[in-house]
Amino acid sequence: MTIRILPAVGDPDAARALTALLAGVPDVAAAPPVAESAALLDALAGAAPPDAAGPAAVEALPEVVLVHERIGPLPALDLIREVALRFPAVGVVLLTADAGPALYSAAMDAGARGVAGLPLGHDELAARVQAAAQWAAGVRVHLGGGREAPPGPAGTLLTVTGAKGGTGTTVTAVQLALAARQAGRRVALVDLDLQSGDIASYLDVQFRRSVVDLAGIADLSARVLADAIHDHPTGLALLLAPEEGERGEEVDDRAARQIVTALRARYDVVIADCGSQMQSANAAAVELADTALLVTTPDVVAVRAAKRQVRLWDRLRIRKAGSTLTVVNRLTRHTEIQPPLIAKATGTTVAATTIPAAFKELQPCVDSGRIQDLDARSTVRAALWALAGELGLVAASSGVPRLKSGHRTRPSLTGRRRKALTAGPAAPQTAPGPSALSSPAGPAAPYEEG
């Protein structure tokens, strides 16, 4: 959406400086400045055609009015109050050299939607204009004159968490991001495994900025984000974990929410690699996620860890088990622990697409740090890109390869009946059943699949 701005500045020099700054703000169309308060009110009153009324008249108004503190003859605060009363669908921003608490409070009481300090900075002006425009768009939607819904976080947020270390979380996150990017989506890949994130190693990246550089910044403007993001040759926007793991503590839940929200406003898809250790930052991301993936391997230790992770999320009210999607990695036809059993043990939904055990396909790309070069004929890549289709990250017509129904990576029990017995040293030849996944010892209830 293009933001229409009407500046009201009496000082010619200040008007020229403001016009030059507005020219550098993206998605902005600024009208020529008006020099006095009466001219501003006349311009707003005459913005709509004479026969326009209701929503059409509201739509004709600019989204933002910038009022300089030295406007006259009506004092700036009185002018803001008049604009707010007569044109409530316009967001007003006061430009003043005195941006202290007293004036800020007075401006808010008068009806302003923001205060920008003089001398103006590009980032501050852009942030104030966008916030006022977002507010104006929301008002216009309620008044029936909005062209579209108010701008806000629109991108899809997907988190990828491992049941334990080594389950394939980073490979899954990277390949899902590559699939979405090939489908034409704008994709941001964020490493929220703040102490031991490996996205940079997997994609052969050396970049000094990280997610820590965004912690503590109040206004995450487009320019601030761009400085912290690495534009990878694959087209992915990478926000990396810090090189010094101890600095990860600087990113708290509040900072994580702010960073994720800023990314969702600028990218179609945001994928966060949350690792396997829960901290406040990645817990906040999981809570906000549209889809939360939990990656596990089909062995007793990993499935127990997945169950602990799900219970932890539930106790901390981060996410319910029913809204978590489990992805089974390194599955073979002969694996005794099959997806239905994992779903039963964890209480989650298991993705229809499973990932085969084929590390030999991955090893050359992992060792060279170029996981993006994984062969398109690889069964692991095909499965992960099919998972991207299942998750809605790619459209049906995007050209991303899909696995056919009945692909060998979706194992079958071939109709045989299996009864799970107690796992442990006393019965080394038996298959691990539900009791092995729920408690370290004790008799197992019969579990049958046919």
Listing of helices (runs of 4 or more DSSP H) fully contained in the range 169-245 that carry 1 or more residues being over 21 Å from Asn329 (Cα atoms) and open to solvent by less than 10 Å² (accessible area, probe 1.4 Å) = 222-228
From the residues in the range 180-198 that are within 17 Å of the chain's Cα centre (by Cα) and of a type in the set (A, V, I, L, M, F, W, C), which one is nearest to Ala382 (Cα to Cα)?
-> Ala180
So, in the range 91-106, of the ones that are modelled with pLDDT under 90 and under 34 Å from the mean Cα position of the chain (by Cα), which residue ends up surrounded by the fewest Cβ atoms within 10 Å (Cβ to Cβ)?
-> Pro101
Out of the residues in the range 263-282 that are within 14 Å of Leu157 (Cβ to Cβ) and open to solvent by 10 Å² or more (accessible area, probe 1.4 Å), which is modelled with the lowest pLDDT?
-> Ala265
Pair list, Cβ under 7 Å, 6 or more apart: the range 74-91 residue over 18 Å from Ala102 (Cα atoms), other residue open to solvent by 70 Å² or more (accessible area, probe 1.4 Å) | Ala89/Leu143; Gly91/Arg113; Gly91/Trp135
Which pairs do you get when a residue that is free of Cβ contacts under 8 Å to residues at least 40 places away in the same chain, found in the range 282-306, comes within reach of a residue that is surrounded by fewer than 22 Cβ atoms within 10 Å (Cβ to Cβ) and among the aliphatic types (A, V, I, L, M), reach meaning Cβ atoms under 7 angstrom, with the pair 6+ apart or on two chains?
-> Ala283/Leu316; Ala283/Ile318; Glu287/Ile318
Tell me, yes or no, whether the range 259-277 has at least one residue that is touching a Cys at 6+ places or on another chain (Cβ under 8 Å), in contact (Cβ under 8 Å) with a residue 60 or more places away in the chain and not acidic (Asp, Glu).
-> no
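Going by the structure shown, is Ala226 touching a strand residue (DSSP E or B) at 6+ places or on another chain (Cβ under 7 Å) and aliphatic (A, V, I, L, M)?
no
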Quick one: would you say Arg308 is open to solvent by 60 Å² or more (accessible area, probe 1.4 Å), out of contact with any Cys (no Cβ under 8 Å at 6 or more places or on another chain), closer than 20 Å to Trp385 by Cα and not polar (S, T, N, Q)?
-> no
List every residue pair whose Cβ atoms lie under 8 Å apart, where the two residues are 6 or more positions apart in sequence or sit on different chains, the first residue falls within the range 118-142 and is farther than 15 Å from Asp27 by Cα and touching a residue at least 40 places away in the same chain (Cβ under 8 Å), and the second residue, located anywhere, is in a helix (DSSP H, G or I) and open to solvent by less than 20 Å² (accessible area, probe 1.4 Å).
-> Leu120/Leu18
Among the residues of the range 246-257, write down those that are surrounded by fewer than 20 Cβ atoms within 10 Å (Cβ to Cβ) and either touching a Gly at 6+ places or on another chain (Cβ under 9 Å) or closer than 13 Å to Ile217 by Cα (or both).
-> Glu250, Asp252, Arg254, Arg257
Residue selected from the range 1-31 under the condition free of Cβ contacts under 8 Å to residues at least 24 places away in the same chain and out of contact with any Pro (no Cβ under 7 Å at 6 or more places or on another chain), by the criterion most open to solvent (accessible area, probe 1.4 Å) = Arg16
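So, Ile5, is that one hydrophobic (A, V, I, L, M, F, W, C) and touching a Gly at 6+ places or on another chain (Cβ under 7 Å) or not?
Working: hydrophobic (A, V, I, L, M, F, W, C): yes; touching a Gly at 6+ places or on another chain (Cβ under 7 Å): no.
Taking the combined requirement at face value, the residue does not satisfy it.
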Please name all residue pairs, on different chains or six or more residues apart, with Cβ atoms under 8 Å, provided the first residue is in the range 358-380 and is open to solvent by 70 Å² or more (accessible area, probe 1.4 Å) and the second residue is not in a helix (DSSP H, G or I).
-> Phe359/Arg330; Arg370/Leu203; Arg370/Asp204
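Considering Pro73, Pro88, which residue is within 21 Å of Gly10 (Cβ to Cβ), open to solvent by 60 Å² or more (accessible area, probe 1.4 Å) and either touching a strand residue (DSSP E or B) at 6+ places or on another chain (Cβ under 6 Å) or not hydroxyl-bearing (Ser, Thr, Tyr) (or both)? Steps first, please.
Numbers: Pro88 fails: within 21 Å of Gly10 (Cβ to Cβ).
The match here is Pro73.
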Filter the range 381-407 down to residues that are over 25 Å from Ile199 (Cα atoms) and at pLDDT 50 or above and give me whichever is most open to solvent (accessible area, probe 1.4 Å).
-> Ala396
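The values are calculated or read from the model by the stated rules, or taken from the named source; none is laboratory data. Note that the coordinates shown come from a computational prediction; the quantities given were computed from them, not determined experimentally. Cβ coordinates were reconstructed from backbone atoms using ideal geometry, including for glycine residues, and neighbour counts include every protein chain displayed. To get the accessible areas, we keep the full protein, side chains included, count just its heavy atoms, and leave off ligands, DNA and RNA. Shrake-Rupley method; radii C 1.70, N 1.55, O 1.52, S 1.80 Å.
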